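A short worksheet on the structure shown next.
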Amino acid sequence: MKEISRRKLTKKVAIVTGVGLLSPGLLMAAPVTPAQVEGPFHPIDAQGDTDLDLSYIAGHIKPATGEVILVRGRVLDTQGQPVANALVDVWQANHHGRYSHPEDPNTAPLDPDFQGWGLLRTDAQGRYAFKTIRPGAYPLSFLGDQRWRCRHIHFKVTQPGYDELITQMYFQGDPLIAQDLEVAKAPPELRHLLIVKQHADQATGLPLFDFDLTLAIA
Ligand SMILES: [Fe+2]
């Protein structure tokens, strides 16, 4: 290819993609996972069991009520590098849509066998995984709002050297997503990063959701 035509081609590509002025580093950067509200129901009482199986509390006779699911993913930085040993703090409502939290005004049943809270650490590849119950949706009538919160799991990811990320994971196909006031606050072009598709775990047959989280380097 002649020099002149190569220059023309480069210019054309830059115009089409709109990235001509970006450095290679910026070109590769992945978007930071959109933040979502922390909400008022982060656990406040110390809990003996915060392990990766939220569907069962150590020492109980039976597991939690509801559909057992698996959630896993990776914590990465915007360059795609794994964030090892990050604290992944997850909490959620039970099968009935009720939090084990004294401030939750929902009258749906509590589940004494649901752990509801997990504190996990990513491995050297940035991976985390936990087992839980598919959370129930809950009404916002206590706020005087007719809408419902769609099914969601809260995440708070922290690691020194990175900006803390507080967000929520949603379930693709949940009909309540379309009317959810918190989902609507995520930038439309990044909303898909929070809505995960269901797969079947090959080993157990359980519903499996892959949710990767991208942190900003501080
Ligand atoms: Fe919530």
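Would you be so kind as to identify which of Val90, Gly66, Leu76 lies farthest towards the positive end of the dipole of the chain, taking Lys and Arg as +1 and Asp and Glu as -1 on Cβ and the Cα centre as origin? Comparing the listed Cα positions along the dipole, Leu76 ranks first. In this simple spin-label approximation, Arg72 and Gln179 carry label points 7 Å from Cα along the Cα→Cβ vector, and these lie 3.6 nm apart. Model label sites at Asp212 and Val37, defined 7 Å from Cα along the beta-carbon direction, differ in position by 3.0 nm. Overall form of the chain: prolate. Here a/c, set by the Cα gyration tensor axes a ≥ b ≥ c, is 1.5 or more, and a/b is the larger of a/b and b/c. Within the shell of other residues whose beta carbon sits under 14 angstrom from the beta carbon of Ile177, the net charge comes to +3, with Lys and Arg scored +1 and Asp and Glu -1. Distant-in-sequence amide contacts of Arg127, defined by a placed amide H-H separation under 5 Å and a gap of 5 or more residues or a different chain, comprise Val75.
For segment 177-215, the list of trypsin sites (Lys or Arg not before Pro) that fall in a loop by DSSP and count at most 16 other C-beta atoms within 10 angstrom reads Lys197. Relative to the Cα centre, the charge distribution of the chain, modelled as +1 at Lys and Arg Cβ and -1 at Asp and Glu Cβ, gives a dipole magnitude of about 1420 debye. Around the amide H of Ile195, modelled in the peptide plane, lie the amide H atoms of Tyr170, all under 5 Å away and 5 or more residues distant in sequence or on another chain. Rounded to the nearest whole Hz, the Karplus-based 3J(HN,Hα) values (6.51 cos²θ - 1.76 cosθ + 1.60, θ = phi - 60°) of segment 136-148 follow the sequence x, 6, 9, x, 9, 4, 5, 9, x, 10, 7, 7, 10, with x at glycine and proline. Here the Karplus curve 6.51 cos²θ - 1.76 cosθ + 1.60, taken at θ = phi - 60°, turns the phi angles of segment 28-37 into couplings of 7, 5, 8, x, 5, 4, x, 6, 9, 4 Hz, with x standing for Gly and Pro.
Between Gln202 and Gln172, what is the label-to-label distance in nm when each label sits 7 Å out along the Cα-to-Cβ direction? Those two pseudo-labels are separated by 1.9 nm. In the chain, Cα pairs under 8 Å separated by at least six residues give a relative contact order of 26 percent.
For Ala86, the residues whose amide H sits under 5 Å from its own are Thr122, ignoring neighbours fewer than 5 places away on the same chain, with H placed 1.01 Å from N. Report summary: the helix-based calculation at 222 nm, which adds -39500 (n - 2.57) for every DSSP H run with n ≥ 4 and divides by the residues of the chain, gives -2500 deg cm²/dmol.
Values quoted throughout were computed directly from the atomic coordinates according to the rules given, and no laboratory measurement underlies them. As the structure is a prediction and not an experimental result, all values here were calculated from the model. Here Cβ is always computed from backbone atoms with ideal geometry, including for glycine, and neighbour counts include all displayed protein chains.
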